[in-house]
Amino acid sequence: MARCLKSERQGHFVFYGAMVAEGIIALIWAAAANTWYTKTDLLAAGGGNSTTVYFMATQSMGKVGVILAMLGVIACPITSGDTAFRSARLTLADWFKIDELQ
């Protein structure tokens, strides 16, 4: 959290580091999908993202990998969304001079 950091410079490092890490994870998933699926296979996979993530995780990492993949697929978007909503809330509060210490 930003309140735990000593300077804004550290905040930039943490924020951009997290975004770069999530981008790398997305590229790894895209590369994995390209190794298992062609365009027509992906459309015929039936179920879309959840089915393909489960298939790739079981084929490459086994049952423990499925648990790790599910955590990653669920946790990364939730943390990104939480950060985006918090940033929007703080920006709007700053623009409209709303005190949030209630």
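The values are calculated or read from the model by the stated rules, or taken from the named source; none is laboratory data. In this text the structure is predicted, and so the values were computed from the model without any measurement. Note that each Cβ is placed from the backbone with ideal geometry, even for glycine, and that neighbours are counted across all protein chains shown. SASA here: full protein model, heavy atoms, side chains in, ligands and nucleic acids out. Shrake-Rupley method; radii C 1.70, N 1.55, O 1.52, S 1.80 Å.
Of note:
- Exactly one residue out of ALA75, ALA93 is farther than 22 Å from ILE28 by Cα and either among the β-branched types (Val, Ile, Thr) or open to solvent by less than 50 Å² (accessible area, probe 1.4 Å) (or both), and it is ALA93.
- Filtered residue count, the stretch 54-72, keeping only those that are open to solvent by less than 60 Å² (accessible area, probe 1.4 Å) and either among the aliphatic types (A, V, I, L, M) or farther than 21 Å from ALA31 by Cα (or both): 4
- For the stretch 36-44, the condition of being open to solvent by less than 50 Å² (accessible area, probe 1.4 Å), over 16 Å from the mean Cα position of the chain (by Cα) and touching a residue at least 24 places away in the same chain (Cβ under 8 Å) holds for none of the residues.
- Condition met for ASP82 (acidic (Asp, Glu) and either open to solvent by less than 50 Å² (accessible area, probe 1.4 Å) or modelled with pLDDT of 80 or more (or both)): yes
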